[in-house]
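Structure first, commentary second.
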Amino acid sequence: MIAATILPLAAGSQEMAIALAGMLALMVGLVTVGAGVAKLGFVADLLSNPVRTGYLAGLAIVIFISQLPKLFGFSIDASGLVNELVAFLQGVAEGLTNPWALGVGVLSLAIILVLKRLSPRTPGILIAVVVAMVLSIALDLAARGVSVIGVLPQGFPVPDFPSVPVSDIPVLFVAAVGISLVAIGDTISVSGGFAARAGYEIDGNQELAGIGTANLAAGFFSGFPVSTSGSRTAVSFQSGAKTQLTGLAAAALVLLMLLFVPGLV
């Protein structure tokens, strides 16, 4: 939805695309914060536990299928669960697999699964990430066709209000409402599903205000609309995270990387 809205308006300009994404994030933030203030979080009470569990299970399947091409080291151009699976199988049959990417991926999964069984309190996911980074540098995997993030822009991002043509505002607002509806449903389903598994209650209005605030921050720092991430929540949950301190720690580490070691990844 974000790309479908921004790309036609940007007309090939990267600077305009960034500005449009920032403005879209601000609008999504205003809509979702407004929904929280208006006490629309009661939507959480309308979703039963089976619905939330089914949503998380379906999300897991979608994520699993979408990550298979990346695990095998190639990309596909398909949309929809079945089409993505078919395109992946065709890619494997055509010999598109990158053995170096597959090797790093399988090793990372093995580290995570083995440590989870032998030492559940050991941060297997973190260890797998560090091992993959070391292998990437030592074996120069980028030169072997393995996609890497590359050097990040160094320094703290400067806040700025996105400047876009007034004529684009109505289109952006309509898209922001649609994106907000998806973000609200996603946020309520994911937070409610994990709350049910962990045995605690959530405040739907607070969830909406939180995701809205994140979008406002993204808009002022040249970001794009964001929503809840079921996969990242699952990673935190399985790693033993109990509070929002996990998010603060992650933000602090990202900031340190931007300031001191932008080439690490």
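The values are calculated or read from the model by the stated rules, or taken from the named source; none is laboratory data. Quick caveat: nothing in here was measured; it's all calculated off a predicted structure. Neighbour counts run over all protein chains shown; Cβ positions are idealised from the backbone, glycine included. For the accessible areas, the whole protein counts, side chains as well, though only heavy atoms, and no ligand, DNA or RNA atoms are used. Shrake-Rupley method; radii C 1.70, N 1.55, O 1.52, S 1.80 Å.
The portion of the accessible surface of the range 1-61 made up by carbon and sulfur, rounded to a whole percent, is 73 (1.4 Å probe; DNA, RNA and ligands excluded). With all protein chains in place and a 1.4 Å probe, the accessible surface of the range 145-198 carries 71 percent carbon and sulfur.
Contact order for the range 59-173, expressed relative to its length and based on alpha carbon pairs under 8 Å spaced 6+ residues apart, stands at 19 percent. Summary value for the chain: 39 percent relative contact order, contacts being C-alpha pairs under 8 angstrom separated by 6+ residues. Surface listing: Arg121, Arg144, Arg197 arranged by accessible area from highest to lowest gives Arg121, Arg197, Arg144, probe 1.4 Å. Extension gain, Phe260 to Ile127: 0.36 nm times the residue separation minus the Cα-Cα distance gives 45.8 nm. Take the chain with all the other protein chains still there, run a 1.4 Å probe, and you get 60 Å² of accessible area per residue. If the segment from Ala78 to Ala38 were pulled out straight at 0.36 nm per residue, it would be longer than the present Cα-Cα gap by 10.5 nm.
The calculated FRET efficiency for Ser167 paired with Val106, based on their beta-carbon distance and R0 = 51 Å, is about 0.50. Distance from the C-alpha centroid of the range 227-249 to that of the range 71-103: 28 Å, rounded to the whole angstrom.
Segment Leu253..Ala195, full-extension length gain: 18.3 nm, with 0.36 nm per residue of separation and the alpha-carbon distance subtracted. From the P(r) of the chain, can you give the percent of Cα pairs sitting at distances over 29 Å? Beyond 29 Å sits 44 percent of the P(r) for the chain.
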